[in-house]
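Laboratory data are not the source of any read-out in this text; all were calculated from the coordinates shown. Predicted model, so just to flag it, every value in this text is computed and none were measured. Every residue, glycine as well, gets a Cβ built from its backbone with ideal geometry; the counts of neighbours run over all protein chains shown.
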Amino acid sequence: MASTQYGFAIVGCGMIAEYHARAIQEIPNARLVAVQSRNRANAERIAALVGGCDIYTDLDEMLRRKDIHIVNVCTPSGAHMEPAVAAAEAGKHVVVEKPLEITLARCDRIIEACDRAGVKLCTIFPSRFSEANRLIKEAIDAGRFGRLTLGDTYVKWWRTQEYYDSGDWRGTWQLDGGGALMNQSIHNVDLLYWFMGDVVEIQAFTATLAHERIEVEDTAVACLRFKSGALGVIEGTTSAYPGLPKRCEIHGDSGTAIVEQDAITFWQFRNETPEDEQIRERYRQLAAAAGGAADPRGITHHGHMEQLKDFLRAIDRNEDPLIDGREGRKSVEIILAIYKAASSGQKVRLPLPAEPSTDRPQGPPQ
């Protein structure tokens, strides 16, 4: 029996839309049917990547098409809610580029719209689909680390002033929703939560140290207490020239694993298996890539492709995708708690209280 063929549309045609378009193109039962942007030239550029597709400047007109089953939202972070809700209300499944949105109320509006329409929702976090990170998660779930004691993540990246000046929305609270944490480090914030479990308490500092004309942080440090009792650290920056590979370190009383970018650099457990040496040997042959450490284009579309495949499986089987809207909301909540802790100088407890409005933020959470 032939696989169901899925028609995709992309809303928002900036840089990240390129990765969605290439990922869709490489999935056998997927086809990019249409792209939509207020800027027709941007839409034409994305369409050309796949050899052409229909181009729209009006979202509602595109959503009336019956051959579009899935809508990928690639607008600026603080403009995800409106097209995602519109797509859900049109009966389309929804894929949202990270972050799901920049406030919890706006995240919840997307989740509620998809629930009400009976459509699937996923948040893009391709790092969960790398072999290295999946090996760590499997070892955690198998209890090989023993009691988890410490979980740390470090995203010491560099972005030029020109990067922030390249778009009016970059570095603003209203549309970026934050800086080095909300835009760049959120992938590893998601990984740390996935590995270590829920966070219950945060203390933090943030600063803007290496850039001008931005409202948000380019340097942040946070200390975490997880629900399990384990402790942790998040460091996220775009102020560390020349930029280093991102890193996660997971420690327990029976094991430690460290992953840089998508390569395991340390893997040792109290109770070793023959597979452990095979894993170490395989990753000795792989040099850690720089990824997006200094260049936002220094990533591949393969993680996006694997996540979209997972999403199609979830639709076919009527199951939840690996990273649904509620999973995507978690990293936003952790980052907002870091901002609140930094701005208040106080410890912040999670979960955060419900927000009263879906208005975009004017500044950091108070």
### Query
What ranking do 67-75, 350-358 get when scored by the average of other Cβ atoms within 10 Å per residue, highest first?
67-75, 350-358
### Relative contact order (percent, whole number), the chain, Cα cutoff 8 Å, 6+ residue spacing
19 percent
### Message
Across the chain, what fraction of all alpha-carbon pairs, as a whole percent, falls in each successive 10 Å bin from zero upward?
### Response
5, 24, 33, 26, 10, 1
### Distance between segment 21-81 and segment 135-161 - C-alpha centres, whole angstrom
34 Å
### Against the rule of thumb 2.2 N^0.38 Å, how large the Cα Rg of segment 1-109 comes out
1.00
## Note on the structure
In this structure, among LYS309/LYS330; LYS120/LYS347; LYS98/LYS340; LYS137/LYS347; LYS227/LYS340; LYS156/LYS227, pairs with alpha-carbon gaps over 24 Å are LYS120/LYS347; LYS137/LYS347; LYS156/LYS227
### Query
Mean residue ellipticity at 222 nm from the helices of the chain, using -39,500 (n - 2.57) per DSSP H segment of n ≥ 4 over the full residue count, to the nearest 500 deg cm²/dmol?
-10000 deg cm²/dmol
### Task
Between THR149, THR237, THR219, find the one with the highest GNM mean-square fluctuation for the chain; connect C-alpha pairs within less than 10 Å.
THR149
### Query
Hey, in the GNM for the chain with a 10 angstrom Cα cutoff, which one of ALA48, ALA341, ALA210 fluctuates hardest?
ALA48
#### Entry: Shape category assigned to segment 326-366 from the gyration tensor of Cα positions, a/c cut at 1.5
oblate
### Query
So how strong a dipole does segment 212-270 carry about its Cα centre when Lys and Arg Cβ are +1 and Asp and Glu Cβ are -1, to the nearest 20 debye?
320 debye
### Query
How would you rank 192-205, 315-328, highest first, on the average number of other Cβ atoms within 10 Å across their residues?
192-205, 315-328
### 0 to 90° range, to nearest 10: angle between helix 325-344 axis and the chain longest Cα axis
60 degrees
### Cα Rg over Rh - segment 90-204, Kirkwood
1.01
#### Entry: trypsin sites (Lys or Arg not before Pro) lying in DSSP loop within segment 48-79, provided at most 12 other Cβ fall within 10 Å
ARG64, LYS66
